[in-house]
Amino acid sequence: MHPQSDPLLKARALVLHDLQARELADAGVVSLLEDAVSVRRWWLEQWTDGAAFVAGLVAQDVQTPSSTRTAAGRAAPRVRWPPSTP
């Protein structure tokens, strides 16, 4: 599959861009992103119609564990990414 047509590479790029824009893209979070992409590759192979949803799912896969850690890896108060808007 051509990289530009791979929905997982596109999802990875979108999530990484958002993390970088919010200065949250440390090595630990990027590792979570890589793990999420790997798991979702299998998921997408099983349900090809899910391509339209995979970016949101990858973002959720990264958000859940990263919301409870700090850059030093310690537990942190729940910080929402992306931030909630009123």
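The values are calculated or read from the model by the stated rules, or taken from the named source; none is laboratory data. Just so you know, these numbers come straight off a predicted model, no measurement behind them. Here Cβ is always computed from backbone atoms with ideal geometry, including for glycine, and neighbour counts include all displayed protein chains.
Picking from residues in segment 1-54 that are exposed (fewer than 13 other Cβ atoms within 10 Å of the Cβ) and in a loop (DSSP other than H, G, I, E, B), the one that is modelled with the highest pLDDT is Trp47. One residue alone among Ala36, Ala13 is of a type in the set (Gly, Ala, Ser) and more than 8 Å from the chain's Cα centre (by Cα), and that residue is Ala13.
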